[in-house]
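Heads up: the structure comes next, in structure tokens.
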Amino acid sequence: MLLQQLVNGVTLGAVYTLLALSFSIVMGILGILNLAIAELFMIGGYLGFAVITAHLSLPVAVAAGMAGAAAISAVIEKIGYEPLRDAPLVTPMLSTLGFSIILQNIATNMWGSDPLQLPDEFLGGRIALGPVSIGELQLIVIGVTIVLVAVMAYIVQRTSMGRALRAVAENRDVARLLGVSGSRITLTAFMMSGALAGAAGVLIAIHYAAITPYVGVEIGLKAIAVMVIGGTSRIWGALLAGPLIGIAEVLTVAYGGSQIRDFVVYGFMIAILLFRPQGLLGGSGADQGQRV
Amino acid sequence: MSTYTASLLADVGILTLGALSVYVILATGQLSLGNAGFMAIGAYLASYLTVVAGVPLTSALVIAALCSGIIGVMIGFPALRLKGIFLAMATLGFGEMIRSLFLNLEITGGAGGFHGMAHVSVTYVWIWVGLILVLVWLMESSRAWLEMRAVADDETAANLIGLNTTMTKIGAFGMSAAVAAVSGGLFAHHHVYIEPGNFGFERSIDFVLAVILGGSTIGAGSLVGAALLVLLPEQLRALDDWRPAAFGALLIIVLLIRRQGILDRSLLRRFTFRKQAA
């Protein structure tokens, strides 16, 4: 039973990891909280859902979710972030909130406010491993997450685009002096972040076999907690924090009641902020944040 | 005045107080995304006092404001080690924790909510709003306010010239918590029913939106922002299902063309000048 819960926790945690990475890319490079990510995640989920129910293959669904969310993210960057780049940090955060209101409204009007269920025929079988049974879809969720994280790691660490991203994160002005195009990198960061959020959305739709327009608010806010727990200055903290929170959440629901779930997650986040603001994996002397 | 208008006006008043609670913290350069948590504390405490303990409403509101203010100060001590977006995220977590706490607290009804409060009139709500607006206005011309602005502009410099920046920030945090609690108490007694869902992240965001839209450099901006936030969706009724989207678009447009908010000091001066001329 405990092992089974762990497996479920890791699956949920995989989605948290992707979403926390999505928040973390924008936060780490630009220092702003992009609140629209939660709704990009939801839209990605609906896009993937539509592709799956149209009997197309799963990779197509993930790709569609990623492409759709990345495209919307690019629009958000052009309209909602770029013109407000030199404003206090609250201002671009609220303009991304404007977009998240619009996206949620679009989803409610297009697909209704009731949850959409994935028909049984798509659910796939379960594989028994001793006492634990893993759904095929659960394996897919974890597998896709591993692949995407590996691709991300490669892009950020090994390519020239990744080097430019890290340079802008370190110091935007110096990076520009050295010939890195600040605005192009910002757009790239938003699109990568959007793509990850979209993929996470498709995966959550598969994991729950259902999707609602409110999944963004429910899961998205918690991904912020996951990002903080992993450490905002180290993108890879999310790899540890995602499964950790996923497991903690599943275990509290199983043994303590679903009501105290959020209390545990946010309590953990505040404890981390107070006692280890650099996050679980962060180095020393983390950035203490700018004034708003 | 029809019940409908009265109810809208009361909502404007309640939101104005919530917005002012964010404004006070913002004046020290810090952002709170969790003031709905203090609002929840005020709402539940004031309701519990009037319904179960039989305390008159005005005293209940004062007690709720004091308790919430003390909680604010207690939380302020550790939380204010954090700055900027990190403090914002910590307050977000605080707000969600409080909501989750009331969801589990059986003496206040848990998820089922709490009721039994006597309904208060819109006039009573606005007496409180007026009082607190005057209080903020008086504060804005005080020395303490200058110190708060100094902390907002450059905390290190403020520290160097001998200001106690920690006390300034904690004081602002406590006052913010007290004002949010009054807003919550009035909300509870106007709507006569509260549930933890009333005090979620969206509520905290509404407060911030009202301040930023109305004008974050002047207290009266909160009033303008709150009025806009409550009344505008009513005006957009013709758009039917697409009201939220239109509102979101409008929000982005206002931020793009007037990022200091609708009301600022120069605009206010122009208005008062015109009035004097006429």
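The values are calculated or read from the model by the stated rules, or taken from the named source; none is laboratory data. Just so it is clear, the structure is predicted and the values come from calculations on it, not from any experiment. Positions of Cβ are backbone-derived with ideal geometry, glycine not excepted, and every protein chain shown enters the neighbour counts. Side chains included, ligands, DNA and RNA excluded: accessible areas come from the protein's heavy atoms. Shrake-Rupley method; radii C 1.70, N 1.55, O 1.52, S 1.80 Å.
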Q | Lone unmet requirement of (1) over 19 Å from residue B:115 (Cα atoms); (2) buried (at least 20 other Cβ atoms within 10 Å of the Cβ) for residue B:41 | A | (1)
Q. Counting only residues that are more than 9 Å from every other protein chain (Cβ to nearest Cβ) and over 12 Å from the mean Cα position of the chain (by Cα), which one in the range B:200-217 is most open to solvent (accessible area, probe 1.4 Å)?
A. B:217
Q. List pairs: first in the range A:8-21 and touching a residue at least 24 places away in the same chain (Cβ under 8 Å), second open to solvent by less than 10 Å² (accessible area, probe 1.4 Å) and aromatic (Phe, Trp, Tyr), Cβ under 8 Å, 6+ apart or cross-chain?
A. A:19/A:41
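Give A:166, A:184 a once-over and let me know the one that is under 27 Å from residue A:39 (Cβ atoms) and over 19 Å from the mean Cα position of the chain (by Cα).
Working: A:166 fails: under 27 Å from residue A:39 (Cβ atoms).
Exactly one of A:166, A:184 is under 27 Å from residue A:39 (Cβ atoms) and over 19 Å from the mean Cα position of the chain (by Cα), namely A:184.
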Q) So which residues in the range A:117-145 are without any contact (Cβ under 8 Å) to a residue 60 or more places away in the chain, within 20 Å of the chain's Cα centre (by Cα) and open to solvent by 40 Å² or more (accessible area, probe 1.4 Å)? A) A:139
Q: Go through (1) away from chain B (no Cβ under 14 Å); (2) surrounded by fewer than 19 Cβ atoms within 10 Å (Cβ to Cβ); (3) within 24 Å of the chain's Cα centre (by Cα); (4) small (Gly, Ala, Ser) and name the single condition residue A:54 misses.
A: (3)
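Select from the range A:95-152 the residues that are within 14 Å of chain B (Cβ to nearest Cβ) and not hydrophobic (A, V, I, L, M, F, W, C) and list them in ascending order.
Going through the range A:95-152, the residues within 14 Å of chain B (Cβ to nearest Cβ) turn out to be A:95-113.
The answer is A:95, A:96, A:98, A:100, A:104, A:105, A:108, A:109, A:112, A:113.
Results for (1) open to solvent by 10 Å² or more (accessible area, probe 1.4 Å); (2) in a helix (DSSP H, G or I), shown as yes or no for each residue.
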{"position": "B:4", "(1), (2)": "yes, yes"}
{"position": "B:10", "(1), (2)": "no, yes"}
{"position": "B:47", "(1), (2)": "no, yes"}
{"position": "B:53", "(1), (2)": "yes, no"}
{"position": "B:65", "(1), (2)": "yes, yes"}
{"position": "B:75", "(1), (2)": "yes, yes"}
{"position": "B:87", "(1), (2)": "no, yes"}
{"position": "B:102", "(1), (2)": "yes, yes"}
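Would you say residue A:27 is aliphatic (A, V, I, L, M) and surrounded by 24 or more Cβ atoms within 10 Å (Cβ to Cβ)? Break it down into steps so the answer makes sense when it comes.
Values: aliphatic (A, V, I, L, M): yes; surrounded by 24 or more Cβ atoms within 10 Å (Cβ to Cβ): yes.
In short, yes.
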Q.
Would you confirm, using the coordinates I've provided, whether residue A:56 is at pLDDT below 90 and under 22 Å from residue A:199 (Cα atoms)?
A. yes
Q) Going through the range B:134-155 one residue at a time, which ones are open to solvent by 90 Å² or more (accessible area, probe 1.4 Å) and of a type in the set (S, T, N, Q)? A) B:141
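Select, from B:195, B:234, the only residue that is acidic (Asp, Glu) and under 18 Å from residue B:114 (Cα atoms).
From the options B:195, B:234, the qualifying one is B:195.
I'd like to check which helices (runs of 4 or more DSSP H) are fully inside the range A:160-214 and have at least 3 residues that are among the hydrophobic types (A, V, I, L, M, F, W, C), open to solvent by less than 40 Å² (accessible area, probe 1.4 Å) and over 20 Å from residue A:15 (Cβ atoms).
The qualifying helices (runs of 4 or more DSSP H) are A:160-170, A:182-208.
Name the residue, out of B:248, B:221, B:225, that is in a helix (DSSP H, G or I), within 13 Å of chain A (Cβ to nearest Cβ) and touching a residue at least 60 places away in the same chain (Cβ under 8 Å). Please lay out each step first, then the result.
Values: B:248 fails: touching a residue at least 60 places away in the same chain (Cβ under 8 Å); B:221 fails: within 13 Å of chain A (Cβ to nearest Cβ).
From the options B:248, B:221, B:225, the qualifying one is B:225.
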Q: Can you tell me which residue within the range A:146-159, out of those that are buried (at least 19 other Cβ atoms within 10 Å of the Cβ) and not β-branched (Val, Ile, Thr), is modelled with the lowest pLDDT?
A: A:152
Q: State which residue is surrounded by the most Cβ atoms within 10 Å (Cβ to Cβ) when the search covers only the range B:104-128 and only residues that are in a helix (DSSP H, G or I) and of a type in the set (Val, Ile, Thr).
A: B:125
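Taking the range B:24-45 on its own, how many of its residues are among the hydroxyl-bearing types (Ser, Thr, Tyr) and either outside any helix (DSSP H, G or I) or in contact with a His (Cβ under 8 Å, 6 or more places away or on another chain) (or both)? Spell out how you get there, then give the answer.
Keep residues of the range B:24-45 that are among the hydroxyl-bearing types (Ser, Thr, Tyr), which gives B:28, B:32, B:44.
Filter again for either outside any helix (DSSP H, G or I) or in contact with a His (Cβ under 8 Å, 6 or more places away or on another chain) (or both), leaving B:28, B:32.
Qualifying residue count for the region: 2.
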Q) Can you find a residue in the range A:10-23 that is within 18 Å of residue B:252 (Cα to Cα) and open to solvent by 40 Å² or more (accessible area, probe 1.4 Å)? A) no
Q) If the Cβ limit is 9 Å and pairs must be 6+ apart or interchain, which residue in the range A:256-272 that is on the phi > 0 side of the Ramachandran plot pairs with which residue that is assigned to a helix (DSSP H, G or I) and not basic (Lys, Arg)? A) A:257/B:104
